[in-house]
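Read-outs: derived from the displayed coordinates by stated rules, not from any lab. All values reported here derive from a predicted model rather than from experimental measurement. Note: ideal-geometry Cβ built from the backbone for every residue, glycine included; neighbour counts use all protein chains shown.
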Amino acid sequence: METNKTSINVAVWCALGAAFTFSIMFGLIKMLGSGYPAGETLFCRSFFALLPLLPLVARQGGLAVFKTRHPWHHVLRSTIGLISAFWCIESLKLLPLSEATSIFYSAPLITTVVAVPLLKEKVSFAKVLAVITGFFGVIVILNPHANSNFFGFLMALGSAVFSSLVAIELRKMGQTEKSITIVVYFMLACSLAGLLTMPFHFVMPDAHDALILLGVGVIGGLAQICMTEAYHRAPASMVAPLGYTSLIWAAIIDMIMFDKIPTLTTCLGALLIAGSGVFVVTMGGTVKSNQVSIASKV
C-alpha cells in the first residue's frame, strides 16, 4: 500500500506540474494574440481538454459522472465561469503574462471578502490584514497602466472577481457533486458557448495556429488532471499555495516567448499577492473543498 508520505510527494509534484502546465496554456493563448476571437479560443481550450480527461471520466464511472442532484447549480457555475474565462482570454491579449497571472491569483483574496456576506463566514484580523496587503499588491501592478492599458487590467481583475464567485458557488456544490462532474459540465458549457460565437466571428487557423489551439486544450486538460490528482492525495491547504509557482513560470515565459522582462512593480505586486494568498488559503476558510481549486480554473 502506498504510504502517506509517498502520496504527499506525488501530490506536490502534481500541483507543481499543474502550475507549470496552466502557465504554458496561458502562454499559448497569449501567443495567439488578437488574431483569434475569445469564443474560438475558449472552444478549443474546452473541447480539446476533454480528450485527456476521457480516461479520468472512464475511471470514475463513465456516463455516471453526468449524474447530478443540482443541475441548475451547474448552469449558474458555468455562466459565472464563462464570464471569467472570456475576460481572462481577452486580458491575456493586452497584458504581459506575468501581470495578468498575478492579478488572476488575487481571486482567493476576493473570495475571502465575498464569503463574508454570501456564506456568513467570519474573517480574523490577520486575514483582513492579508487581504489588504494583497489588494495593495494589485494596486502596485495597476499603477503603470493607469493611463495606458487600464482596460486590460480591468478585464483581468474582472476575471478574478468572477473566479472568486465561482469558488463561492463551488463551496456549495462540493457537498453533493464530484469534482470530475463539475469539470466536465463546465468544459462542455464552455465548448457550447464558444461554438455559438463562431457564426458571428470565426478565423480559419493555419496549420501552425491550429496546433497551438489544439495544444491549448490538451495542455489545459492535462493541467486539470494534475490538479485533480494533487487535491485527491493531499489537503487543499497544502496544495493550493503551490499554485502560486505559476507566477514564476509566467515571468520566465514572458522573457523567453515574448521578450518581456517583468518590471519591478510587477515583481513587488506579485510578491504581495502571492504572500497574502498563501496566508489566506493555508489559514483555511477560503479553500475548504478540493472542488474549489480543481474546477475553478479557466
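Things to note:
- The HN-Hα couplings worked out from phi for region 78-89 by the Karplus form 6.51 cos²θ - 1.76 cosθ + 1.60 (θ = phi - 60°) are 5, 5, 5, x, 5, 4, 4, 5, 4, 5, 4, 4 Hz, whole numbers, x standing for Gly and Pro.
- Each Lys and Arg Cβ is given +1 and each Asp and Glu Cβ -1; about its Cα centre, region 4-295 then shows a dipole of about 1040 debye.
- Note: relative contact order over the chain, using C-alpha pairs below 8 Å and six or more positions apart, is 42 percent.
- 5 angstrom amide H check on residue 260, placed H, neighbours 5+ away: 255
- Value of Rg/Rh across region 83-218 [Cα atoms, Kirkwood radius]: 1.02
- Structure-derived P(r) over Cα pairs in 5 Å bins from 0, in percent - corresponding label in (1) 1, 6, 12, 17, 20, 18, 14, 8, 3, 1, 0, 0; (2) 1, 5, 10, 12, 13, 12, 11, 10, 9, 6, 5, 3, 2, 1, 1, 0, 0, 0; (3) 1, 5, 11, 15, 17, 15, 13, 10, 7, 4, 1, 0, 0: (1)
- Region 172-268: C-alpha gyration tensor shape, a/c 1.5 cut-off, then a/b vs b/c: oblate
- 5 angstrom amide H check on residue 121, placed H, neighbours 5+ away: 116
- Counting beta carbons within 10 Å around each of 191, 46 and listing the fewest first gives the order 191, 46.
- Relative exposure of 259, 254, 209, judged by other C-beta atoms within 10 Å (fewest first): 259, 209, 254
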